[in-house]
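What follows is a single structure, written as structure tokens, with notes after it.
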Amino acid sequence: PPSPQDVIEPVLVLLLAWALGAVIRDVGTAQFIARSLQAGLPAWCLPSLISTISYAISFAVGSSFGTMGIVFPLVGPLALSVGGGDPTYIMQCFGATMGGALFGNVCSPISDTTILTSLATRVPLATHVRTLFPYAGLVGIVSLIFGDLACGLGVPSGVALGMCTLALALAQWILSRTGKRVEQNVEVPPATGAAEA
């Protein structure tokens, strides 16, 4: 069972993210950014910009919920203002936030899932992050170009999803033809504790 420390840390991250979101809302940061960017920011680049910012924040804090708590209060008014109230555009911006927030949750070295996976598989944390990051980075770049940027340019969401799928399938095919296969067997030490009883 998880210890109290394992539960307290994610709860504190969420509480701090909600507190930051409340402060952002109370001081009118979202409205200020929306007014500042409305004239100079083209609508087609906002979903990819949101996704890139969410990638960076989620990698830095290691929490998808924490990232959403920080970014969502900013994205709503900004997408409403820049997109002229188009509900499809607002959904694309929210989707960019959620997709970008998951990036760091997968590969950040301070993410709880990354740490638990490293512990469960008995792989050093640095090795786990180093081997996982290229895959997460590839998916992040493909999603950014063929998903967020394409949707911002007016490509329907279903078509953008198909483009992402084809791009990743092509990348997998190329890597399977050019990559070097690892034939090394790794010995895993026997389980300890309750499994031995």
| field | Net charge, GLY154 excluded, C-beta distance under 14 Å - Lys, Arg +1, Asp, Glu -1 | value | -2
| message | Once ligands and nucleic acids are excluded and a 1.4 Å probe is used, how much of ARG130 is accessible, expressed in Å² to the nearest 10? | response | 150
| field | 3J(HN,Hα) from dihedral phi, region 96-110, Karplus parametrisation 6.51/-1.76/1.60, rounded to Hz, x for glycine, proline | value | 5, 5, 5, x, x, 5, 6, 4, x, 5, 7, 10, 6, x, 9
| said: If packing is taken as the average number of other Cβ atoms within 10 Å across a peptide's residues, how do 80-88, 101-109 rank, most packed first? | reply: 101-109, 80-88
| Ignoring ligands and nucleic acids, what accessible area does LEU149 show with a 1.4 Å probe (Å², nearest 10)? | 50
| said: Probe radius 1.4 Å, ligands and nucleic acids ignored: give me the carbon and sulfur share of the accessible area of region 47-150 as a rounded percent. | reply: 79
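The values are calculated or read from the model by the stated rules, or taken from the named source; none is laboratory data. In this text, all values refer to a predicted model and were calculated from it rather than measured experimentally. Backbone-built Cβ (ideal geometry, glycine too); neighbour counts: all protein chains shown. For the accessible areas, the whole protein counts, side chains as well, though only heavy atoms, and no ligand, DNA or RNA atoms are used. Shrake-Rupley method; radii C 1.70, N 1.55, O 1.52, S 1.80 Å.
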